[in-house]
Amino acid sequence: MNNAPLSQLLTEIGRINPLQTQFLDRSLSVLSAQERTTFLQYLNYCLAQDITVEHLAKSYDLIVKDTFREQVYFRRHGQYRHQSYQEVANSVYHHPEYMNQYMHGLALSTFLWPNHLAMYRFFIETLPKQRTGRYLEVGPGHGFYFMKAMQCSQYNFYQGVDISATSVEMTQRILSCPHFNCSADYLITEADFFAWDSTQTFDCLVMAEVLEHVEQPGAFLQQLYTLANEGAHVFITTCINTPAIDHIYLYPDMQSLRQQINESGFSIKNELVIPYLGKTLEETVVDKLPINTAMVLEKR
Ligand SMILES: C[S@@+](CC[C@H](N)C(=O)[O-])C[C@H]1O[C@@H](n2cnc3c(N)ncnc32)[C@H](O)[C@@H]1O
């Protein structure tokens, strides 16, 4: 496959943010051949949609700079800048230009940030490949996980629910592109998951990077529980002490998250805990640095 879009992207990111150059070279060096191909497929898809390398580089730079700014705030105040959905709704979820850049940046971070790559690998490894039934994804955002799930699994129907019209549009767009060959039945609904009135239950439920975006993640987990069939595969990711512009719920440690999961009726079947880059888990905990986690849950 032609590597040019990848080199062009890295060159453009390095041009607007030279501090990223070394970090990105290291990030690329750990990608497997298959991951590199998938990354290139995603870039080629974007280019075919008239999303330029410049736009992608700007989108990536947006989340790098936003994250840095929020980290400084968090270190100073010991809390996230915002605590309610109302504070971020109009500037993030319902702001089409911002949301579009944010979601493209986040999709790229799947391959460019080692913590996000680790969660993506865990998602693909643990996703049941042969099971049938109904798949639900809450907050598909850019749609990349949703599209990979459709490619890698055999569910009969795929449902997405997202509160942002921009995310719904981006997910629909990636799924309908012949590039990725997603031929199963699907429906992407614009709704607040908490208020979403589903008449169906599901056999695979995915909620990646959503819990920290809501005021009452415990209630979200309970809603997930209600919609899960017995034996369903349930995959979530979230984070501890990880500021971002729209993170409003702060998990201060892994224990508080595990307790909330336990209270919702799920138990943890499989867990990945990712310390801050370059630190051990112990150092990360002591210094209250960001932790990412991905989990497979099961109904008790
Ligand atoms: C940070 S993005 C995560 C995107 C993707 N799942 C990933 O892991 O990269 C969070 C997504 O959740 C959506 N979201 C936030 N609150 C939601 C809610 N109450 N109901 C449904 N979707 C929500 C946002 O619109 C956004 O698309």
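The values are calculated or read from the model by the stated rules, or taken from the named source; none is laboratory data. Just so it is clear, the model here is predicted, and its values are computed rather than measured. All Cβ positions, even for glycine, are placed from backbone atoms using ideal geometry, and neighbour counts span all protein chains on display.
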Pairs under 9 Å by beta carbon, first residue within 13 Å of Arg134 (Cβ to Cβ) in region 219-233, partner part of a helix (DSSP H, G or I), six or more apart or different chains? His233/Thr126
Go through the residues of region 15-22 one by one and say whether even a single one is closer than 26 Å to Ile245 by Cα, free of Cβ contacts under 8 Å to residues at least 12 places away in the same chain and touching a helix residue (DSSP H, G or I) at 6+ places or on another chain (Cβ under 6 Å). yes
Filtering region 257-300 down to residues that are small (Gly, Ala, Ser) and loosely packed, with under 15 Cβ neighbours inside 10 Å yields Ser267, Gly278
Condition check: among the hydrophobic types (A, V, I, L, M, F, W, C), more than 11 Å from the ligand (Cβ to nearest atom) and at pLDDT 95 or above. Does Phe202 satisfy that? yes
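Per-residue answers, yes or no, for (1) out of contact with any Lys or Arg (no Cβ under 6 Å at 6 or more places or on another chain); (2) modelled with pLDDT of 95 or more; (3) more than 13 Å from the ligand (Cβ to nearest atom); (4) farther than 25 Å from Gly143 by Cα:
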{"site": "Pro18", "(1), (2), (3), (4)": "yes, yes, yes, yes"}
{"site": "Tyr45", "(1), (2), (3), (4)": "yes, yes, yes, no"}
{"site": "Leu56", "(1), (2), (3), (4)": "yes, yes, yes, no"}
{"site": "Ile63", "(1), (2), (3), (4)": "yes, yes, no, no"}
{"site": "Gly78", "(1), (2), (3), (4)": "yes, yes, yes, yes"}
{"site": "Tyr85", "(1), (2), (3), (4)": "yes, yes, no, no"}
{"site": "His94", "(1), (2), (3), (4)": "yes, yes, no, no"}
Meets criteria (at pLDDT below 95 and not assigned by TED's automatic domain parsing to the domain that holds Leu43) for His179: yes
Go through (1) more than 13 Å from the ligand (Cβ to nearest atom); (2) surrounded by fewer than 20 Cβ atoms within 10 Å (Cβ to Cβ) for Ala191 and report which single condition fails. (1)
Within 30 Å of Ile51 (Cα to Cα) and either in the same structural domain as Gln101 (by TED's automatic domain parsing) or among the polar types (S, T, N, Q) (or both), is that true of Ser198? no
